[in-house]
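Q: For reference, the structure I am asking about is given below.
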Amino acid sequence: MTTQLTRSRLTTADPAQQAFWLLRTVFTVAPIVFGLDKFANVLTDWPQYLAPWIDRIVPGTAQQAMYAVGVVEVLAGVLVAVAPRIGAWVVAAWLAGIILNLLTIPGFYDVALRDFGLFVAAVALARLAVRYAPARHVGSHS
């Protein structure tokens, strides 16, 4: 193992490893915060972001759909924290779904574009995780 890879995560001189930890932290915290807010609607009125066609096909109200969205987002954030190689792809897929939803609501194209940037960052995290969060094998002692 190289010296750079064995240094503390906080003091590493490897810019790619720093980027990995920044992205891992953001994609752990943000989905959890946004997911929890689906139950409180403090940051925004979340049901307005649900496309009418989706609201028509999911059971219950738009707010109830947001509760389900909140649960998925919290779980995705936790997955990034414990298994970033998988969690980053889950977040990327989730963001792709959000983007598709937003593109079907007139007036939300700017939010869709922002979320596309987040999608690209989640894919970058997934790629960095290949190097900085190696897969653990059952029975390994590392």
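Q: Under a Cβ-Cβ cut-off of 14 Å, what is the net charge of the residues other than I32 that fall near it, where Lys and Arg count +1 and Asp and Glu count -1? If you can, show how the numbers build up before the last one.
A: Details: positive: R24, K38; negative: D37, E73.
Combined, the nearby Lys, Arg, Asp and Glu give 0.
Q: Got the relative contact order for the chain handy, in percent, Cα pairs under 8 Å and 6 or more residues apart?
A: Taking the mean separation of contacting Cα pairs over the length of the chain, I get 26 percent.
Q: Could you bin all the Cα-Cα distances of the chain into 10 Å bins starting at 0 and give me the percent of pairs in each, rounded to whole numbers?
A: Answer for the chain: a P(r) of 12, 35, 31, 14, 7, 1 percent.
Q: Related question: Please turn the phi angles of region 55-70 into ³J(HN,Hα) values with the Karplus equation 6.51 cos²θ - 1.76 cosθ + 1.60 (θ = phi - 60°), one per residue in order, whole Hz, x for glycine and proline.
A: Here the 3J(HN,Hα) series is 4, 6, 9, 8, x, x, 8, 4, 5, 5, 5, 5, 4, 5, 4, x Hz.
Quick note: the coordinates plus some simple rules give every number you see, no bench work behind them. If you're wondering where the values come from, they're calculated on a predicted model, not measured in any experiment. Note that we place each Cβ from the backbone using ideal geometry, even for glycine, and neighbour counts take in every protein chain shown.
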